[in-house]
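A short write-up of the structure that comes next.
What follows is calculated from the coordinates using simple rules that are stated; it is not laboratory data. Quantities reported herein were computed from a predicted structural model and do not represent experimental measurements. Here the Cβ positions follow ideal geometry from the backbone for every residue, glycine too, while neighbour counts run over all protein chains shown.
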């Protein structure tokens, strides 16, 4: 087995499409020149068909600082639906577990709110009640 295979993060699996088999090769990130050889072998490990070897050069990634490229909705946006999705776009991939997002909400007026405890019997429940909302720049829970 070629030594370059040791540089792969995982053994590639072949995806089979009607006339175009394909595989994704994920390298460990080290720089260098790699030879990619594709062969079809039978159960006796005999080559049945082979493609021309391809040489691929991988360079060290350029170290650029992480930057927020776009946020949807835009920072400072007003009249955004409370259920609107928040999307953040960065100039490179990130580890979402390291991301910390704080969302503030401002809302004034009235809304219908069910204040019954979970599991309240229906004959004791008050159901949705009209309540005042007075939230001025308060932190809102979000999931990443």
Simple SL model, points at 7 angstrom along Cα→Cβ for residue 87 and residue 25; separation in nm is 3.3 nm
A student applying the Cα gyration tensor rule (rounded when a/c is under 1.5; otherwise prolate if a/b is larger than b/c, oblate if not) would label the chain prolate
Taking alpha-carbon centroids only, the range 119-144 lies from the range 22-78 a number of Å equal to 48 Å
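Using 0.36 nm times the number of residues separating residue 39 and residue 122, minus their current alpha carbon distance, what extension gain do you get?
Computed gain between residue 39 and residue 122 is 23.1 nm.
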Burial-style ranking of 116-123, 20-27, average other-beta-carbon count within 10 Å with highest first, yields 20-27, 116-123
Gyration tensor on Cα atoms of the range 72-126, a ≥ b ≥ c root eigenvalues, a/c under 1.5 rounded, else prolate if a/b beats b/c, else oblate, says oblate
The extension gain from residue 50 to residue 113, computed as 0.36 nm times the residue separation minus the Cα-Cα distance, is 16.0 nm
For the range 72-129 the mean separation of alpha carbon contacts under 8 Å (6+ apart) over residue count, i.e. relative contact order in percent, is 23 percent
Heads up, the range 33-89 by the C-alpha gyration tensor (a ≥ b ≥ c square roots of eigenvalues; a/c under 1.5 rounded, else a/b over b/c prolate, else oblate) looks oblate
Contour minus Cα-Cα span, residue 95 to residue 13, at 0.36 nm per residue, comes to 27.0 nm
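Explain nothing, just the number: relative contact order of the range 12-115, from Cα pairs under 8 Å at least 6 residues apart, as a whole percent.
Rounded, it is 16 percent for the range 12-115.
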